[in-house]
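J.: Could you have a look at this structure, given as structure tokens, before my questions?
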Amino acid sequence: MEQKLKELEMKALEEVKAASGLKELNQVRVSYLGKKGPITEVLRGMGKLSAEERPKMGALANMIRETITKAIENKNVELENEAVAKKLEAETIDVTLPGRPVSTGNRHPLTKIIEEIEDLFIGMGYKVAEGPEVEHDYYNFEALNLPKGHPARDMQDSFYITEEILMRTHTSPVQARTMEKHEGKGPVKIICPGKVYRRDNDDATHSHQFMQIEGLVVDENITMGDLKGTLEVFAKKIFGADREIRLRPSFFPFTEPSVEMDISCKICRGNGCRVCKQTGWIEVLGAGMVHPNVLEMAGFDSKKYTGFAFGMGPDRIAMLKYGIDDIRHFYTNDIRFLKQFAVQE
Ligand code: DAH
């Protein structure tokens, strides 16, 4: 019996040693130490032994059990360490590898110029107003002194949705909407940036959808001098302190008198070149004193209140400021074009 037990011990220890994984090791444990294992089996024959030998065999069996248990425990630790080492090796991170570049975006040039203009006017006490892009004929035209059949409506070829609803052709309807909200009480001081739509064939200087920024100030004693001073601050801030402005008489149905503002050409400094078409001046925006009809229709007493308004195209301003030669660059979103504006962020 002693011999048998010793043999079992040797065999078990060999199997423990040979186990190549935790699962296999567990199988060895179950098969040798389990209740139905071979050690228990051998001990069943103890009845045939003398009373003297019995406790000896019992002690030997226990010792062997312990030896095998220990061996399994040690092997277990060994295998676990091996597994961790393997995992660590597989997951090794080479901290010296250069990282993958994360491409960051930058603001669209039109967003930049609009925010710059917004900041300037907010600094002068203006609020930023908004209005719908799908607009009533009333606000887009009639409330701006452009009744149905008025010839000046042709200047703004429109996308009509129904007889009375259209895509706004300018941001001027926000003037009428804002004044209505003020219920005849000044002061009103807003700018309104937004998208506008016209039935134009797209080319280098035309787009069927572009941006405008509308400005409106209504209060008692507002004069043309206020308008000129405001536009001068705007022009010098956006285009540079060395630029001059000039106001030319013009016509808009919603202002009287109406003007167009030019800035002196940066390239030729007023002497005439290709960019300014030999005039020395570049047209930037339209403006004027709010027409009394427009004030009255929006509920303001035109004897008490006067106001000025202006409308500019951020597309055009960005083109002038950054030297962009085609308005379509803003809307075709070629990443190479857009990335050029990242450097100035
Ligand atoms: N709404 C005009 C346009 O789209 C621009 C404009 C001109 C707006 C004069 C004004 C203004 O407020 O006073 O052509």
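The values are calculated or read from the model by the stated rules, or taken from the named source; none is laboratory data. Treat the numbers as computed from the prediction; the structure is a model and nothing was measured. Using ideal geometry, Cβ is built from the backbone for each residue, glycine included, and neighbour counts are taken over all protein chains shown. Note: accessible area is taken over every heavy atom of the protein model, side chains too, but ligands, DNA and RNA are not part of it. Shrake-Rupley method; radii C 1.70, N 1.55, O 1.52, S 1.80 Å.
J.: Quick one: order Met57, Met63, Met319 from most to least accessible surface, probe 1.4 Å. List each step's numbers first, then the result.
T.: Working: Met57 10, Met63 120, Met319 30 Å².
Correct descending sequence by accessible area is Met63, Met319, Met57.
J.: Cα convex hull of the range 125-284: how many Å³ per residue?
T.: Details: hull volume 21.3 nm³, N = 160.
Spread over its residues, the Cα hull of the range 125-284 gives 133 Å³ apiece.
J.: On a full-extension model of 0.36 nm per residue, what is the gain between Met124 and Lys48, subtracting their alpha-carbon distance, rounded to one decimal in nm? Please report the intermediate quantities before stating the final value.
T.: Numbers: separation 76, 0.36 × 76 = 27.36 nm, distance 11.23 nm.
Net length gain for the segment: 16.1 nm.
J.: Next question, about the same structure. How do the peptides 152-160, 5-13 rank, highest first, by the average count of neighbouring beta carbon atoms within 10 Å per residue?
T.: On the way: 152-160: 14.0, 5-13: 16.7.
Highest to lowest by the protection proxy: 5-13, 152-160.
J.: Suppose a student asked you for the relative contact order of the range 214-282, using Cα pairs under 8 Å spaced at least 6 residues apart; what percent would you report? Working shown, then result.
T.: Working: 72 pairs, mean separation 12.3, N = 69.
Computed value for the range 214-282: 18 percent relative contact order.
J.: A follow-up question, please. Per 5 Å bin, what percent of the C-alpha pairs of the range 193-288 does each bin hold, from zero upward?
T.: Going out from 0 Å in 5 Å bins, the range 193-288 shows 3, 11, 17, 20, 21, 17, 8, 2, 0 percent.
J.: Also: At 0.890 mPa s and 25 °C, plugging the Kirkwood radius over alpha-carbon pairs of the range 1-118 into Stokes-Einstein gives what diffusion coefficient in µm²/s? It would help to have the intermediate numbers written out before the result.
T.: On the way: Rh = 19.2 Å.
Calculated translational D: 128 µm²/s.
J.: Can you pull the three principal axis extents for the Cα set of the range 228-280, in Å, largest first?
T.: The Cα atoms of the range 228-280 stretch 34, 23, 11 Å along the principal axes, largest first.
J.: Residue farthest toward the positive end of the dipole of the chain, with Cβ of Lys/Arg at +1 and Asp/Glu at -1: which of Thr40, Asn74, Gly21?
T.: Thr40
J.: How much area per residue is accessible in the range 112-180 when the probe is 1.4 Å and only protein heavy atoms are counted (Å²)? Spell out each step's value before the answer.
T.: Working: 3140 Å² over 69 residues.
Result: 46 Å² per residue.
J.: How much space per residue, in cubic angstrom, does the convex hull of the C-alpha atoms of the chain take up? Numbers along the way, then the final one.
T.: Working: hull volume 97.6 nm³, N = 345.
Taking the convex hull of the Cα positions in the chain, it is 283 Å³ per residue.
J.: Using a 1.4 Å probe on the protein heavy atoms, what percent of the accessible area of the range 1-157 belongs to carbon and sulfur?
T.: Details: 5940 of 10840 Å².
Its accessible area is 55 percent carbon and sulfur atoms.
J.: While we're on this one: Can you classify the range 264-345 as rounded, prolate or oblate using the Cα gyration tensor, where a ≥ b ≥ c are the square roots of its eigenvalues, rounded means a/c under 1.5, and otherwise it's prolate if a/b beats b/c and oblate if not? Intermediate results must be reported in sequence, preceding the final value.
T.: Numbers: a/c = 3.51, a/b = 1.73, b/c = 2.03.
Oblate, since a/c reaches 1.5 and b/c is not below a/b.
J.: Heavy atoms only, probe 1.4 angstrom, no DNA, RNA or ligands counted: give me Phe234, Phe239 ranked by accessible area, highest first. Could you put the intermediate results ahead of the total?
T.: On the way: Phe234 0, Phe239 25 Å².
Ranked list, largest accessible area first: Phe239, Phe234.
J.: Could you please state, rounded to a whole Å, how far the C-alpha centre of the range 1-33 is from the C-alpha centre of the range 228-267?
T.: 98 Å
J.: With the other protein chains left in place, how much accessible area per residue, in square angstrom, belongs to the range 1-108 at a 1.4 angstrom probe? Numbers along the way, then the final one.
T.: Details: 8480 Å² over 108 residues.
With all protein chains present, the range 1-108 gives 79 Å² per residue.
J.: Also, quick follow-up: Ignoring everything except DSSP H segments at least 4 long, calculate the 222 nm mean residue ellipticity for the chain; use -39,500 (n - 2.57) per segment, divide by total residues, nearest 500. Mind showing how you got there, number by number?
T.: On the way: 12 runs with 142 residues, N = 345.
Estimated from H runs of four or more residues: -12500 deg cm²/dmol.
J.: Given Cβ point charges of +1 (Lys, Arg) and -1 (Asp, Glu) and nothing else, what value in debye, to the nearest 20, does the dipole of the chain about its Cα centre take?
T.: With Lys and Arg at +1 and Asp and Glu at -1, about 1380 debye.
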